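**Student:** Handing you a structure now.
The values are calculated or read from the model by the stated rules, or taken from the named source; none is laboratory data. This structure is a prediction, so every number in the text was calculated from the model and none was measured. Note: ideal-geometry Cβ built from the backbone for every residue, glycine included; neighbour counts use all protein chains shown.
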Amino acid sequence: MTPTDDPAPSPTLPTSPEALMARLDGLGIRYGAHRHAPVFTVPEAKALRGALPGHHIKNLFLRNKKGRMWLAVIDEDRPVDLASLADRLEAGRFSFGSPERLMTHLGVLPGAVTPMALINDRERLVQPVIDAKLLSGGAVNCHPLVNDMTLTIEASDLMRFIEACGHTPTVLDFDAG
């Protein structure tokens, strides 16, 4: 193999999962951590997790033509109509944010998108949108900045973490849309 054939190194994350968990500890937020093989899709996560209790989510990193960005945190089984969501958020038309934009603003790689990545959005350019169903009680399961681990955290503590990162989440009732 020549030097030009070497695979590109993985980018360094601005915040490690350990630093994230230290921040949660500092906020007095309890969580459970579960290691597993990397997962990139909801079907992969469902096949791997077994009977892990709590809400399971999908996370959509979205942008509009003006460059505004949203992180939609939604129950994993909920179908999402992006045009309707964009209308409800008065965003114009949505497209998915690029991997480069994802790393620049949330500091994670595709497959590891998570509300925990708001820890890296120090300029508060990404607007979190939370599915109201997730706040109906119980725990929420999400990646801690990498896709080979899951954190289980109470929904109220997730909201507290997001607010501690300087964000005011929009809570959206997807059942009403």
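**Student:** Return the only residue of P17, P11 being of a type outside the set (D, E, K, R), surrounded by 11 or more Cβ atoms within 10 Å (Cβ to Cβ) and at pLDDT 90 or above. Spell out how you get there, then give the answer.
**Tutor:** Details: P11 fails: at pLDDT 90 or above.
Among P17, P11, only P17 is of a type outside the set (D, E, K, R), surrounded by 11 or more Cβ atoms within 10 Å (Cβ to Cβ) and at pLDDT 90 or above.
**Student:** Oh, and also: Select from segment 79-121 the residues that are surrounded by fewer than 14 Cβ atoms within 10 Å (Cβ to Cβ) and touching a helix residue (DSSP H, G or I) at 6+ places or on another chain (Cβ under 7 Å) and write down the one among them that is farthest from K58 (Cα to Cα).
**Tutor:** Step by step, filter segment 79-121, then rank; the result is G92.
**Student:** Taking strands (runs of 3 or more DSSP E) that fall entirely within segment 60-177, which contain at least 1 residues that are touching an Asp or Glu at 6+ places or on another chain (Cβ under 9 Å)? Let's see the steps before the verdict.
**Tutor:** Details: elements: 69-75, 126-131, 139-142, 149-154, 170-172.
Here the list reads 69-75, 126-131, 139-142, 170-172.
**Student:** Take the conditions closer than 25 Å to L109 by Cβ, buried (at least 20 other Cβ atoms within 10 Å of the Cβ) and within 11 Å of the chain's Cα centre (by Cα) and apply them to A72. Does it pass?
**Tutor:** Details: closer than 25 Å to L109 by Cβ: yes; buried (at least 20 other Cβ atoms within 10 Å of the Cβ): yes; within 11 Å of the chain's Cα centre (by Cα): yes.
In short, yes.
**Student:** Something else now. Which of the residues belonging to segment 17-35 are free of Cβ contacts under 8 Å to residues at least 60 places away in the same chain and part of a loop (DSSP other than H, G, I, E, B)?
**Tutor:** G28
**Student:** Still on this structure, please answer the following. Just checking, how many residues over segment 52-69 are within 20 Å of T104 (Cα to Cα), in contact (Cβ under 8 Å) with a residue 40 or more places away in the chain and surrounded by 17 or more Cβ atoms within 10 Å (Cβ to Cβ)?
**Tutor:** Total satisfying the criteria: 4.
**Student:** Which residues, taken from segment 36-51, are part of a helix (DSSP H, G or I) and either of a type outside the set (A, V, I, L, M) or free of Cβ contacts under 8 Å to residues at least 12 places away in the same chain (or both)?
**Tutor:** Taking segment 36-51 first, the residues part of a helix (DSSP H, G or I) are 42-49.
Correct list: P43, E44, K46, A47, R49.
**Student:** Can you confirm whether segment 32-51 contains a residue that is among the aromatic types (F, W, Y) and crowded, with 18+ Cβ neighbours inside 10 Å? Step through it out loud before you land on a result.
**Tutor:** First, pick out the residues of segment 32-51 that are among the aromatic types (F, W, Y): 40.
Subset that is crowded, with 18+ Cβ neighbours inside 10 Å: none.
The answer is no, given that none of the residues of segment 32-51 is among the aromatic types (F, W, Y) and crowded, with 18+ Cβ neighbours inside 10 Å.
**Student:** Specify which of the listed residues (R93, R101, R88) is closer than 24 Å to L20 by Cβ and among the charged types (D, E, K, R).
**Tutor:** Values: R93 fails: closer than 24 Å to L20 by Cβ; R88 fails: closer than 24 Å to L20 by Cβ.
Only one candidate qualifies: R101.
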